[in-house]
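Here the structure comes first, spelled out in structure tokens, and everything after it is commentary.
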Amino acid sequence: MSKFSFKRKERIKKRADFLSIYKNGQNFETRHFRITVMACEREFRRLGLSVSKKTGGAVQRNYVKRRLREYFRLNKELFPVNSDIIITVKHGAADKCYIDIKSELDNLLPI
């Protein structure tokens, strides 16, 4: 069952890491999301989420983040191995349910 976990080491938390990935990564866009991917030396994938206040209040932002973490947790194999991934949420994503988010990201992945 560890295949479906989202461990602490798989999270991007530091601002310096976010800035480095934004600067050196490759961008892919959908209507509601921008995915920035950068190759790294690690043997696993890491995920960072960027949800601005333009998305909505705290409840809406947390809703989107929970759905994106769940999508990553269940679909890790779609993301490139040895990579850092940042998903930036655009305006309007807070209105989408998990199925809509999944279908939108499935169309973009695998990268």
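Every number here is computed from the coordinates shown, using simple stated rules; none is lab data. If you're wondering where the values come from, they're calculated on a predicted model, not measured in any experiment. Using ideal geometry, Cβ is built from the backbone for each residue, glycine included, and neighbour counts are taken over all protein chains shown.
Peptide packing for 92-104, 4-16 was compared via the average number of neighbouring C-beta atoms within 10 Å per residue; ordered from the highest value, the list is 92-104, 4-16.
With Cβ to Cβ distances under 13 Å as the rule, what net charge do the other residues near Phe4 carry (K, R +1; D, E -1)?
Around Phe4, the charge tally is +2.
Once the Cα atoms are used to define both axes, helix 15-24 deviates from the longest principal axis of the chain by about 80 degrees.
Straight Cα distances below 15 angstrom link Lys3 to the aspartates and glutamates Glu43, Glu70, Glu77, with same-chain residues fewer than 8 positions distant left out.
Using only the alpha-carbon atoms of the range 1-104 as identical scatterers, what base-10 log of I(q)/I(0) does the Debye formula give at q = 0.12, 0.20, 0.24 Å⁻¹? Values, matching the q order: -0.37, -1.08, -1.48. In straight-distance terms, cross-link reach from Lys54 covers every one of the aspartates and glutamates whose alpha-carbon lies under 14 Å from its own, apart from those fewer than eight places away in the same chain; here that gives Asp95. Residues whose amide H falls under 5 Å from that of Lys90, counting only those 5 or more places apart or on a different chain, are Phe33, Arg34, with hydrogens built in the peptide plane.
Taking label positions 7 Å along the Cα-Cβ direction at both Glu77 and Ser20, the computed distance is 3.0 nm, reported to one decimal. Partner aspartates and glutamates whose Cα lies under 18 Å from the Cα of Lys14, excluding those fewer than 8 positions away in the same chain, are identified as Glu41, Asp84. Peptides 31-39, 52-60, 81-89 ranked from most to least packed, by the mean per-residue count of other Cβ atoms within 10 Å: 81-89, 31-39, 52-60.
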